[in-house]
Structures are given as C-alpha cells and as structure tokens.
Amino acid sequence: DEAIHSNAWCVHYRPELEAKYVRRLTITTELKRALASNQSELSMVYQPKIDLSTMKVCSMEALIRWNNETLGFVPPDEFITIAEQAGLIEQVTTWVMQRTIADLSYFRQKGYGFTVAMNLSTQDIQNKPLLDKLVSILTDAALSPDALELEITESDLVADASLAIENLNALTSRGFHFAIDDFGTGYSSLAYLKNLPVDTIKIDKSFILSLATDDNDKQIVHTVLGLATAFDLKVVAEGVEDEMSLNILKEWGCDIAQGYFISRPLAKDALEEWLENSPLGE
Ligand code: C2E
Ligand code: MG
Ligand code: MG
Ligand code: MG
C-alpha cells in the first residue's frame, strides 16, 4: 500500500514495507477472529496506582493483553492502532468494558474501594452508542460512574474536538471522570485543558522513567506539577521505575504514582494476591 502510493510508476521492492503490511494484515485477520470466537486470547491486566500522600493503592489502570497462537504476544499500542484503522475498535472496547467492570465488581464485593481507570481511544469518545453502552454495563453491575476513570490522550481532543467534547461533557454531568493520558507528548497546554471536563493529567512516562537522573525531565516535571496545582488538576505520574523518582514526585506534591517500582500490571488473581500481601495494598 505505502510502496504503491509513494511511487506509482516505478514500485521499488521494499521488503520492510512488505513485512509491515503482512503483519498488519495478519493482526487484522487474527483480531477479527479472536473477537468473533470465544475471545480467550484476550485478557485484562491491572496496574496499581498509589496515592502518594497515604502510600496506599487508590486505583488500577486496566490494560488489555492479546496472546495469539500465530503472532504470540502483540503489544496493545500496536494492535489498538490497527483495530482503529480496521473498524474493530468498538468491539475491542466493548470487550474491555465488560471484562473490566466485571472484575471491578468482583473486587468491590471483596470489600476493596479502589477505582479502575480504563483507556478509551479517539474513536470511542466520538461513539455515542458505545458510551451509552458503558453507562448501561455500569448500571447493570450496580456501580456508580465514580468507580471508573476514563483515560484519553491529548491528541484525541485536539484532533476532532467538538463531538468528543460534547460526549465528554455529557458523561461528566452523569458523574464520570476523565484523565488526560500521556500528557506532554501532544500540543495542548494546561490552560487549554482547563476548559475541558478533565480533572486529572497523567504525565507521560517518557518524562518519568529517568526522572532521578535527568535534569531536563526534572525541570519539565517540576513545572508541570506547579502549573497543575495552579489549574487545580490532579496529577498522576506513570512509569515510576525506581525509589528515587518516587521520592522526588512525593516531595514535589505529585498526587498519584504508577510504575514498575510499585507493581507491574497484574492479572486478576495475581492482583488479588498483591492486594493481600503488599504493604501498599488497601
Ligand atoms: P498507557 O495508557 O499510557 O498505559 C501505560 C503503559 O505504560 C502500559 O503499557 C504500562 O504497562 C506501561 N508502564 C507502566 N509502568 C511502567 C514503567 O514503570 N516502565 C515502563 N517502561 N512502562 C510502564 P501497555 O500495557 O503496553 O499499553 C500501552 C498502551 O496501549 C497504553 O498506554 C494505551 O495507550 C494502550 N492500551 C492498553 N490497553 C488498552 C485498552 O484496553 N484500550 C485502549 N484503547 N488502549 C489500551
Ligand atoms: Mg492509560
Ligand atoms: Mg500513558
Ligand atoms: Mg499511551
């Protein structure tokens, strides 16, 4: 596809493009099949987030996993993008919503009070029927909207703002909360976000991974934290991999931390074990 469009009259054979094309096609075909069959190739994992003022878990980010017989483990970043292009994202998100809310419901029955953060893609927040479905799944599970947080990326709001913002406002008035994911990788400013129904930002992990040693990252993160306070936004740092970074964030008044230093994303059973055994558990 790319090879043909870039040079219609003289197509140079580019093996890396063919490989990319074949992989994309295989992912599309296999994902379609996985969604149509019993869906046992798909699963959810949950990564704890801790409140830095109490050092206790307050939330989990729900992250999808896909293990396919032919392709092996396919990173979500890769197949979510392809699912969007192939018109499969609604099905994927519906599956994620159902599984995540069922699991959240299980943990609530066990007495845990943490919230769950779900990732929505660009197309999801423009899809009113899908968002209505979310409301009904939640209602059926007897959970209130504030049990969930919805993560969207900056670019989703900048790209095609009007419909997305209308849908966000509608959900916010029903009690849903939105967070801006990967903050710092797009072009929006905190001043712009202030006009949107968003109460939380997640600083992208690229600024956090080397926080302890990189002076540039320190300056950026410190500035973002200062501005977020001024704009009354809650801040989550993702990608906390070491204790020193955690301590810096805590000292600078970051609200919430998430990262391998706290825990890797865990399947439901492993999460239950973690909650029972970790000093960070509820
Ligand atoms: P994200 O929403 O920004 O999720 C955070 C990513 O950072 C996750 O990658 C997580 O495993 C990773 N991470 C967390 N802590 C650390 C750390 O300390 N170090 C490092 N190196 N990485 C860390 P993952 O699970 O591979 O997901 C990648 C992206 O795929 C997500 O980024 C999100 O954009 C997308 N995604 C994942 N699950 C879903 C889903 O259910 N629906 C949608 N629409 N997108 C999803
Ligand atoms: Mg996220
Ligand atoms: Mg992120
Ligand atoms: Mg991301």
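Results, tabulated for the structure shown:
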quantity: Length-normalised contact order for the range 128-211 - Cα pairs under 8 Å, 6+ apart - percent; calculated: 29
quantity: Those residues of the range 109-134 whose amide nitrogen sits under 17 Å from the label point placed on Ala161, 7 Å along Cα→Cβ; calculated: 126
quantity: Accessible surface, 1.4 Å probe, highest first, among residues Lys49, Lys250; calculated: Lys250, Lys49
quantity: Nearest-0.05 FRET efficiency for Phe261 and Glu282, computed from C-beta distance (R0 25 Å); calculated: 0.85
quantity: Cα-based reach from Lys194 at 29 Å (exclusive), listing lysines while leaving out same-chain residues under 8 positions away; calculated: Lys49, Lys56, Lys128, Lys133, Lys202, Lys205, Lys218, Lys234, Lys250
quantity: Cα-based convex hull, the range 39-149, per residue volume (Å³, whole number); calculated: 121
quantity: Residue-span extension gain [Ala191 to Leu25] - 0.36 nm each, minus C-alpha spacing; calculated: 55.7 nm
quantity: Considering only the range 26-153, percent of DSSP beta bridges that pair antiparallel, nearest 5; calculated: 60
quantity: The range 106-184: mean projected area of Cα convex hull, nm²; calculated: 5.4
quantity: Cut-off 11 Å (backbone N to label point 7 Å along Cα→Cβ of Glu78), residues of the range 31-69; calculated: 68
quantity: Rounded to the nearest 10 Å², the accessible area of Glu282 at probe 1.4 Å; calculated: 100
quantity: Rg in Å to one decimal, and Dmax rounded to a whole Å, for the range 45-106 via C-alpha atoms; calculated: 14.5, 45
quantity: Cα-projected label distance for Trp95 with Thr223, points at 7 Å along beta-carbon direction, nm; calculated: 4.1
quantity: Distance in nm between pseudo-label sites at Arg108 and Ala36 (7 Å out along the Cβ direction from Cα); calculated: 3.5
quantity: Cα-only Debye scattering, the chain: base-10 log of I(q)/I(0) at q = 0.06, 0.11, 0.12, 0.16 Å⁻¹; calculated: -0.21, -0.70, -0.83, -1.36
quantity: Relative contact order (%) - the range 60-171, alpha-carbon pairs under 8 angstrom, separation at least six; calculated: 27
quantity: Overall dimensions of the range 206-282 by Cα: Rg and Dmax, Å; calculated: 13.8, 40
quantity: Cα radius of gyration and Dmax for the range 148-282 (Å); calculated: 15.9, 46
quantity: For peptides 186-193, 142-149, sequence by mean Cβ density within 10 Å, most packed first; calculated: 142-149, 186-193
quantity: Within the chain, percent of DSSP bridges classed antiparallel, to nearest 5; calculated: 45
quantity: The chain, relative contact order [Cα under 8 Å, separation at least 6], %; calculated: 18
quantity: Charge dipole (the chain, unit charges on Cβ, about Cα centre) - positive-most of Leu163, Ser105, Ile50; calculated: Ser105
quantity: Over the chain: helical MRE at 222 nm, DSSP H runs n ≥ 4 each giving -39500 (n - 2.57), nearest 500; calculated: -14500 deg cm²/dmol
quantity: Ranked packing of 172-180, 108-116, most packed first, by mean Cβ within 10 Å; calculated: 172-180, 108-116
quantity: Gyration tensor (alpha-carbon) shape descriptor, the range 15-61, a/c threshold 1.5; calculated: oblate
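The values are calculated or read from the model by the stated rules, or taken from the named source; none is laboratory data. As the structure is a computational prediction, the values presented were derived from the model and not from experiment. No Cβ is skipped: glycine too gets one built from the backbone with ideal geometry, and neighbour counts run over all protein chains shown. Keep in mind that these areas ignore ligands, DNA and RNA; they rest on the heavy atoms of the full protein, side chains included. Shrake-Rupley method; radii C 1.70, N 1.55, O 1.52, S 1.80 Å.
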